[in-house]
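For reference, the structure discussed in these notes is given below.
Only the coordinates and a few stated rules stand behind these numbers; no lab work does. Predicted model only: the values in this text are computed from it and were never measured. For neighbour counting, all protein chains shown are included, and Cβ atoms are generated from backbone atoms with ideal geometry for every residue, glycine included.
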Amino acid sequence: MAVVFQKPKSLTDAPLHYCPGCTHGIIHRLVAEAIDELQIEGKTIGVAPVGCAVMAYDYFACDMVEAAHGRAPAVATGLKRALPENIIFTYQGDGDLASIGMAETVHAATRNENITVIFVNNAIYGMTGGQMAPTSLPGQVTQTSPYGRDTATVGFPIRVSEMLATLDGPEFIQRVAVNNVKNVNAAKKAIKKAFQNQIEGKGFSLIEVVSSCPTNWGMTPKKALEWVEEKMIPYYPLGVYKDRSANKEEK
Amino acid sequence: MAEKVLMKGNEAIAEAAIRAGCMHYFGYPITPQTEIAAYMAKRMPKIGGVFLQAESEIAAINMVYGVAGTGLRVMTSSSSPGVSLKGEGISYLAGSDLPALIVNVQRGGPGLGGIQPSQSDYFQATRGGGHGDYHLIVMAPASVQEMADMTAKCFDLSDKYRVPAMILADGTLGQMMEPVVLPEPTDYKPNKPWAVTGTECKRKHNIINSLYLKPEQLEQTNFERYERYKAIEENEPLWEEFMMEDAEVCVAAFGIAARVSKNAIMAARAEGIKVGMIRPITLWPFPKKPFKAAADKCKAFISVELSMGQMIEDVQLATECKRPVTLCNRTGGMIPSPEEVLEAIKKAAGGNK
Ligand SMILES: Cc1ncc(C[n+]2csc(CCOP(=O)(O)OP(=O)(O)O)c2C)c(N)n1
Ligand code: SF4
């Protein structure tokens, strides 16, 4: 778990509303730390999704915009085109980014829109009470797949990072997790790089963060982190899927 | 004096928008408004502006939302099916009090409908179109000149009241070529303390948002917005009266229907029928005042529309149903002929003048 030292400047004093043990909080912190370290708070504009992170606009101390469900990459495109010198990021869940907003995601990526996307994959629709997500695992029991996700009738989960990495457009795609200290540190590095890329004008950087939803998975926070390790990560392998500037694609 | 140039209605909107300081355009191709996008695609890169063909109308309106949040002037254009898709984003613009211009060059509907001119999105435009309690400022041009002038006016009103504005045109006006005096270019500099531009660590963060989880708060926000709507209804209705001084029959028509009606009215006058027209220029706010006044002296009203009858309800409301209001209409891309309107006028006048 993240070591608690001092609250990043880029987070406000508003108390987070996330459930106990939810990893949204850690990811917020990593984003804020990256912004602090790069000293870009004053010119950063964040775009909040519709999902559990909808209130992110109250938590990040930079200017914020609340987008319609799935539309954050289009809103971010507008912001970046209007203010190319500013730093624009979106923070989106899997329903937001990979279901209703898939077109906006793919097209922002293929345009290599110079923005940073933080994609929180928790394999479920958290905010609406635990329905099946595009990233729910085969067999995963959710409110709308009460007998387990049946791939024969509802298809397979979408591996967003792999899929986007097939495009020529995007600059940088990496999947990380926040289920242990080692992974949190790697996630921090990746998120910072995704912002650094934007500062350098390199283009679209997406960090997929494998996250947990103890509440809607029906698990204790500890059990949920184990599930991340045992079920999620094997289906969603961590790694860099695209790094154009490094001029190599590795997994 | 600015010189007159010959332009298509759609191009006049595009050029007027640029002159009003709109440097960002987002759209998705659809007939019959494509000239706007084509014009922007040509001009914007030359003047340091942004033209972007979005992946859908949904994306386009959300790009508009992003730019509007920064306080800059921004627009999108589409035609009926595309405007339906923009409905979500328009509702969010309204809910976040963001100024923007949306142009709907209407075609026949419902569904994929056709590509010929229509006015059948009147309800959608004047009743909101998306979900929730809101209005747009809606202006209906009847000439290429008005398309240019209204573009500038829409940006001004939209900024003034923080209410998105719509130009509700139709395929005929969009394609029509007429001489036009373009508005003088303005050097638009936003002065919007609410905009998201980066805090520069000098102020509290600004938030563009339409979410209010506490119902009391949402109610208050809506109340406040409706105060602005009230001011708009008081100050901004626009209309043209044509031969209304002695009129006994009053035609109500906007846009292309008003042009056809004018010809019919001239013909009716030549036959001695005392008929005039009130042409709403703003559809929201609807110009209630002249209709209310006309209800006291005219014996009958005719709503001439390129739809199955939508504005007619506003005419009935504004005249408080004091007089009969009949409908003279074509739909699906058809335009009523002056003869059809003349027939309707004669009928309303009672056959014998
Ligand atoms: C157009 C629209 N459809 C549906 C909803 C309802 N809704 C709110 S959040 C959400 C799912 C969010 O799930 P996800 O993006 O995975 O984020 P999480 O809550 O898990 O963080 C849905 C369907 C909505 N607000 N708007
Ligand atoms: S519902 Fe799930 S994702 Fe949402 S705050 Fe609770 S644990 Fe986190």
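What do the square roots of 5 times the Cα gyration tensor eigenvalues come to for the protein assembly as shown, in whole Å, largest first, as semi-axes of the equivalent ellipsoid?
After scaling each eigenvalue by five and taking roots: 52, 24, 21 Å.
Please give the net charge around B:ALA257, taking every other residue with its beta carbon less than 12 angstrom from that of B:ALA257, where Lys and Arg add +1 and Asp and Glu add -1.
With Lys, Arg at +1 and Asp, Glu at -1, the neighbours total +1.
For the pairs B:LYS299/B:LYS347; A:LYS80/A:LYS242; B:LYS274/B:LYS297; A:LYS43/A:LYS80; B:LYS262/B:LYS322, note any where the Cα-Cα span goes beyond 18 Å.
A:LYS80/A:LYS242; B:LYS262/B:LYS322
Return the whole-Å distance between the Cα centroid of the range A:13-28 and the Cα centroid of the range B:104-132.
44 Å
Is the shape of the range B:74-184 best called rounded, prolate or oblate, per the rule: a/c under 1.5 gives rounded, else a/b larger than b/c gives prolate, else oblate, with a ≥ b ≥ c the square roots of the Cα gyration tensor eigenvalues?
Oblate shape, in that a/c is at least 1.5 and b/c is the bigger or equal ratio.
How big is the C-alpha Rg of chain A next to the rule-of-thumb value 2.2 N^0.38 Å, as a ratio?
Ratio of Rg to 2.2 N^0.38 Å for chain A: 0.93.
Using only the Cα atoms of the range B:1-132, build the gyration tensor, take square roots of its eigenvalues as a ≥ b ≥ c, and label the shape rounded, prolate or oblate: rounded if a/c is under 1.5, else prolate if a/b is larger than b/c, else oblate.
oblate
Rounded, prolate or oblate: which fits the range B:215-300 when a ≥ b ≥ c are the square roots of the eigenvalues of the alpha-carbon gyration tensor, with rounded for a/c under 1.5 and prolate only if a/b beats b/c?
Because a/c hits 1.5 or more and a/b exceeds b/c, the range B:215-300 counts as prolate.
Give me the percent of DSSP beta bridges within the range B:239-348 that run antiparallel, rounded to the nearest 5.
Antiparallel bridges: around 25 percent, rounded to the nearest 5.
I'd like the Karplus ³J(HN,Hα) series for the range B:97-105: coefficients 6.51, -1.76, 1.60, θ = phi - 60°, whole numbers in Hz, and an x wherever there's a Gly or Pro.
After applying 6.51 cos²θ - 1.76 cosθ + 1.60, I find 6, 9, x, 5, 10, 10, 10, 10, 8 Hz.
For a paramagnetic label modelled at 7 Å from the Cα of A:VAL181 toward its Cβ, which residues of the range A:211-226 fall within the zone defined by backbone nitrogen distances under 17 Å?
Correct set: none at all.
Once you have the alpha carbon radius of gyration of chain B, what is it after dividing by 2.2 N^0.38 Å, with N set to its residue count?
Rg over 2.2 N^0.38 Å, computed on Cα atoms: 1.01.
If you average the alpha carbon positions of the range B:162-191 and of the range A:62-78, how far apart do those two centres end up, in angstrom?
Taking the Cα centre of the range A:62-78 as reference, the centre of the range B:162-191 is 27 Å away.
Between B:GLU245 and B:ASP156, what is the FRET efficiency for a Förster distance of 25 Å, r being their Cβ-Cβ separation, to the nearest 0.05?
So, using R0 = 25 Å, E works out to roughly 0.20.
Looking at chain A, what % of its DSSP beta bridges pair antiparallel, to the nearest 5?
Roughly 25 percent of the beta bridges in chain A run antiparallel, per DSSP.
Summarise the long-distance tail of P(r) for the range B:249-353 by giving the % of C-alpha pairs beyond 18 Å.
40 percent
Within the range B:293-317, find all residues whose amide N lies under 14 Å from a label point positioned 7 Å from the Cα of B:MET334 along Cα-to-beta-carbon.
Correct set: B:305-309.
Extending each Cα 7 Å along its Cβ direction at A:ILE233 and B:LYS204, get the distance between those two points in nm, one decimal.
Between A:ILE233 and B:LYS204, the label points sit 4.2 nm apart.
Measuring from centroid to centroid over Cα atoms, what is the spacing of the range A:97-149 and the range B:192-242 in Å?
Rounded to whole Å, the Cα centres lie 32 Å apart.
Mind giving me the nanometre distance, one decimal, between the label points for B:ASN235 and B:LEU211, set 7 Å out from Cα along Cα→Cβ?
3.3 nm
Could you pull out the longest piece of chain A with no exposed loop chymotrypsin sites (Phe, Trp or Tyr not before Pro) in it, calling a site exposed if DSSP puts it outside H, G, I, E, B and it has at most 10 other Cβ atoms within 10 Å?
It runs A:6-146.
Once both axes come from the Cα atoms, what is the angle between helix B:338-349 and the longest principal axis of chain B, in degrees from 0 to 90, rounded to 10?
Helix B:338-349 sits at roughly 60 degrees to that axis.
Could you give the angle, 0 to 90 degrees to the nearest 10, between helix B:255-270's Cα long axis and the longest principal axis of the Cα atoms of chain B?
The two axes meet at around 20 degrees.
Angle check, please: helix B:9-19 long axis (alpha carbons) against the longest principal axis of chain B (alpha carbons), in degrees 0 to 90, nearest 10.
40 degrees
I want the local charge near B:ALA12. Using Cβ-Cβ distances under 12 Å, sum +1 for each Lys or Arg and -1 for each Asp or Glu among the other residues.
Here the charged neighbours net out to -3.
How long is the gain from B:PHE123 to B:LYS4 if the chain were fully straight, where each residue apart is worth 0.36 nm and the alpha carbon distance is subtracted?
Using 0.36 nm per residue and subtracting the Cα-Cα distance, I get 39.4 nm.
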